[in-house]
1. May I ask you to list the residues in region 117-141 that are part of a helix (DSSP H, G or I) and β-branched (Val, Ile, Thr)?
2. Would you check if ASP137 is of a type outside the set (A, V, I, L, M), open to solvent by less than 20 Å² (accessible area, probe 1.4 Å) and at pLDDT 90 or above?
3. Any residue in region 308-319 that is surrounded by fewer than 17 Cβ atoms within 10 Å (Cβ to Cβ) and modelled with pLDDT of 95 or more?
4. Return the only residue of SER223, SER209 being under 25 Å from the mean Cα position of the chain (by Cα) and open to solvent by 30 Å² or more (accessible area, probe 1.4 Å).
5. In region 171-206, what residues are in contact with a Gly (Cβ under 6 Å, 6 or more places away or on another chain) and open to solvent by less than 10 Å² (accessible area, probe 1.4 Å)?
6. Does ALA96 fit the bill of being closer than 30 Å to ARG324 by Cα, open to solvent by 50 Å² or more (accessible area, probe 1.4 Å), of a type outside the set (Lys, Arg) and at pLDDT below 85?
7. Among the candidates THR185, THR216, THR146, which residue alone is touching a residue at least 40 places away in the same chain (Cβ under 8 Å), out of contact with any Phe, Trp or Tyr (no Cβ under 7 Å at 6 or more places or on another chain) and farther than 22 Å from GLY281 by Cβ?
8. Where the second residue is among the acidic types (Asp, Glu) and the first is open to solvent by 20 Å² or more (accessible area, probe 1.4 Å) and lies in region 153-170, which pairs have Cβ atoms under 8 Å and are six or more apart or on separate chains?
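The values are calculated or read from the model by the stated rules, or taken from the named source; none is laboratory data. Quick caveat, the model's predicted, so the values are computed rather than measured. Cβ coordinates were reconstructed from backbone atoms using ideal geometry, including for glycine residues, and neighbour counts include every protein chain displayed. Remember, those area values only see protein heavy atoms, side chains included, never the ligands or the DNA or RNA. Shrake-Rupley method; radii C 1.70, N 1.55, O 1.52, S 1.80 Å.
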Amino acid sequence: MSQKDGRPAGSVRKNLRKGPPKGSGGKGRRALAGKGDTPKAENRPYHAAYKRKLQQEKREADRKAQEAARIRKAVIKVPEGHELIYGRNSVQEAVAGGVPITRMFISGGAARDERVAPALRTATALGAPILEVAREDLDFATDNATHQGVAIEIPEYQYAKLSDLFDRAERKGQAPLIVALDHVTDPHNLGAVLRSAGAFGCHGVLIPSRNQVGVTGTVWKTSAGAAVRVPVAREANLVNALKEAKKRGCFVVGLDAGGTETTRTLSVADGPVVLVTGSEGEGLSRLVRETCDIIASVPISKAVESLNAAVATGIALYDISQIRAEL
């Protein structure tokens, strides 16, 4: 006998089809299963929209931080015509030099520091308010400078005149030695020049009133107190001021590379000298250079292309002071 499909009776039909039955999805059924909603482009780390989102979030965070800074800065409002001197040494030197105090700000344990005690006594004697503030407030008020928890508010710096510098040299019975800065814009350089000027017997620093940094809180701090001892004269036109110095018998010496003389053997060092240092990037301007009697350079190794303006000025003043000391 045979079955209907022609196979012998009692035989078992083999299923020749491999894998799951049709319509089941086959072996890749799980792989073909849905993975949920596709993430937005801005949420895919590899997508350009994601990077744009991060940049936008950073801009927003910066904006909020700046707004918070403005709000906190308002805690210490320095009125126009006044400025802050900050840092223990700067405050101590300013007070020792007789600088008047309008207000004093203290944060943290600065009030217990012995170096701050004279300033506290002076502020008390003057009747100036002594305000305890959060360190963050001083951070913002000083643009995150190293204030060491103390700052004093003082009237705006009172600049001298060129004639005052000559009067100072005359009172001391010395040949005038003056540093002139030709549009130096970095306050750290001005502060460092003042420090060198005080160290090597300079009678003052001359600066133009335009395109030139003035005496700020940063300059006070960088000068390490020299801003009290060394007067800064400010004139409208530097070239005219140099010509006036020449009329008073000064040799105007420009400090620049490739000079006809070196500062170490400067022939006019024993006489009245105005030493002119140029700006950080451009050096001496054309008109100032033409006004100079001598262009002198600082001897340096060939391995070094140039020196920082303040460093070069300090070396030049040292060389001049050594020449004068030998006379």
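1. Answer for region 117-141, where residues must be part of a helix (DSSP H, G or I) and β-branched (Val, Ile, Thr): THR122, THR124.
2. Numbers: of a type outside the set (A, V, I, L, M): yes; open to solvent by less than 20 Å² (accessible area, probe 1.4 Å): yes; at pLDDT 90 or above: no.
No.
3. Keep residues of region 308-319 that are surrounded by fewer than 17 Cβ atoms within 10 Å (Cβ to Cβ), which gives 308, 311, 318.
Then keep just the ones that are modelled with pLDDT of 95 or more; that gives 318.
Yes, region 308-319 contains a residue that is surrounded by fewer than 17 Cβ atoms within 10 Å (Cβ to Cβ) and modelled with pLDDT of 95 or more.
4. Details: SER223 fails: open to solvent by 30 Å² or more (accessible area, probe 1.4 Å).
Of SER223, SER209, the one residue that is under 25 Å from the mean Cα position of the chain (by Cα) and open to solvent by 30 Å² or more (accessible area, probe 1.4 Å) is SER209.
5. Here is the first cut: in region 171-206, the ones in contact with a Gly (Cβ under 6 Å, 6 or more places away or on another chain) are 175, 178, 182, 196.
Listed by number, the residues that qualify are ILE178, ASP182.
6. Details: closer than 30 Å to ARG324 by Cα: yes; open to solvent by 50 Å² or more (accessible area, probe 1.4 Å): yes; of a type outside the set (Lys, Arg): yes; at pLDDT below 85: yes.
Judged against the criteria, ALA96 is a match.
7. Values: THR185 fails: farther than 22 Å from GLY281 by Cβ; THR216 fails: farther than 22 Å from GLY281 by Cβ.
That would be THR146, the only listed residue that is touching a residue at least 40 places away in the same chain (Cβ under 8 Å), out of contact with any Phe, Trp or Tyr (no Cβ under 7 Å at 6 or more places or on another chain) and farther than 22 Å from GLY281 by Cβ.
8. GLU156/GLU83; TYR157/GLU83; LYS161/GLU235
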